[in-house]
Amino acid sequence: MKKLLPLLLCLTLAAVMLVGCAATPQGAASAPSSQPQPEPSAPATTETGMRVTALNGPTAMGMVKLMDDAENGAASQAYTFAIQTMADEVTVGLTQGRIDVAALPANAAAALYNNAGGEIQVLAINTLGVLYVVENGESIGSVEDLRGKTLYATGKGTTPEYALNYVLSQNGIDPAADVTIEWQSEAAACLAALSTDQAAVAMLPQPFVTTALKQNDGLRVALDLTEEWDAIQAGSESPSALITGVVVARRDFIEQNPEAVSAFLDDYQASVEYVNANVDQAAELVGKYGIVTAEVAKEALPSCNITFIEGNEMKQKLSGYLSVLLEQNPQSIGGVLPGDAFYYSR
């Protein structure tokens, strides 16, 4: 159990992205501050700076170069960045007009759109799947090898459960009968189970996977759920993708500041491309802004599936993903599939 204690910080970050729990905000902005931003009396303009918020975890990692540029006065326009650990803080900030642009879990964005009368639009996909199956040894080589296994996981009732059930069922495995899934409240419990049951496997998110592998050299990544999702979708006319996070903006802000929003998308795409092409330097920035340590980020970034997808491709992949969630639990996306107005295109 001693070996598990250093993992708790990373567990909290991973849980925020995939389960939606956590505590207090951490500041990371052009003028860093750990305090919540005060509610303005009027919508932000490009003069006061676009207010951008991300949840701590993989969906914030692609922004770090832009965050650094903004802090150093090198961005194309004024930005104020903040990192939160609670999804509710971000959604409330959007609906109250305190946040202009935000990185959110994909299903949370759809639920907010449905529950808030279409007040937001999704600008781009920023993170694909971050779920991996790990094990002791070499017994798992395909999804079929999970049949009859005990699998430990976190995220029951949220995206991880829906993604796992979809991958299993599409491979002919009944999640309720053919696999024993032990849902845990924390990823540390999954790792503890692996240490006591050598035949067990676990489904974990990045960046916790990287931290776990560094702490236990007997573990290995057996399956990448993003790759398994893509394999299922390979024959589809309109293939979807396993999606963790998206970037959204308030509809009124987009309408009032179309040029600023377009400039943000250009800046953000450049930041994502930098992060993916310069892992060592990006890892230092991830550490600088307190997302995870630079050491963990250096190992985890290549597996965090950070991306930038907008326009028609975004709509195709995201609508397909949300359709899968709708089939499994309509309330996970707010009850109905969002219409075309949910998807922003410039």
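Laboratory data are not the source of any read-out in this text; all were calculated from the coordinates shown. Fair warning: this is a prediction, and the values are worked out from it, not measured in the lab. Note that each Cβ is placed from the backbone with ideal geometry, even for glycine, and that neighbours are counted across all protein chains shown.
Data table
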quantity	calculated
For Gly155, residues with placed amide H under 5 Å, excluding near neighbours	Gln184
Ellipticity estimate at 222 nm from DSSP helix runs (n ≥ 4, -39,500 (n - 2.57)) divided over the chain, nearest 500	-12000 deg cm²/dmol
25 °C / 0.890 mPa s Stokes-Einstein diffusion coefficient of segment 74-164, Kirkwood radius on C-alpha pairs, µm²/s	149 µm²/s
Protection proxy ranking of 121-128, 103-110 - average other beta-carbon atoms within 10 Å, highest first	103-110, 121-128
Loop sites in segment 176-241: GluC sites (Glu not before Pro), DSSP, at most 13 other Cβ within 10 Å	Glu237
On Cα atoms only, tilt of 279-288 relative to the major axis of the chain in degrees	70 degrees
Segments 49-61, 295-307 sorted - mean Cβ within 10 Å per residue, highest first	49-61, 295-307
Relative pair counts by distance (%), Cα atoms of segment 171-226, 5 Å bins	4, 16, 27, 28, 16, 8, 2
³J(HN,Hα), Karplus 6.51/-1.76/1.60, whole Hz, each residue of segment 244-260, x for Gly, Pro	8, x, 9, 10, 10, 9, 5, 4, 5, 5, 4, 5, 7, 9, x, 5, 5
Rounded tilt (10° steps) of 106-115 against the dominant C-alpha axis of the chain	60 degrees
Shape call, segment 59-215: gyration tensor on alpha carbons, a/c limit 1.5	prolate
Rounded tilt (10° steps) of 159-170 against the dominant C-alpha axis of the chain	50 degrees
Inter-label distance, nm, simple model (7 Å from Cα along the C-beta direction), Arg147/Gln198	2.6 nm
Contour minus Cα-Cα distance for Ala263 and Thr180 (0.36 nm per residue)	25.0 nm
Hull-based mean projected area of segment 131-233, where the convex hull spans the alpha carbons, in square nanometres	5.8 nm²
Estimated distance in nm for a label pair at Asn115 and Lys214, the labels positioned 7 Å out from Cα along Cα-to-Cβ	3.5 nm
Overall dimensions of segment 218-346 as given by Cα atoms, namely Rg and Dmax in Å	17.1, 54
J(HN,Hα) series, segment 308-314, from Karplus relation 6.51 cos²θ - 1.76 cosθ + 1.60, nearest Hz, glycine and proline x	9, 10, 10, x, 5, 5, 4
Calculated on alpha-carbon atoms, Rg and Dmax of the chain in Å	19.4, 59
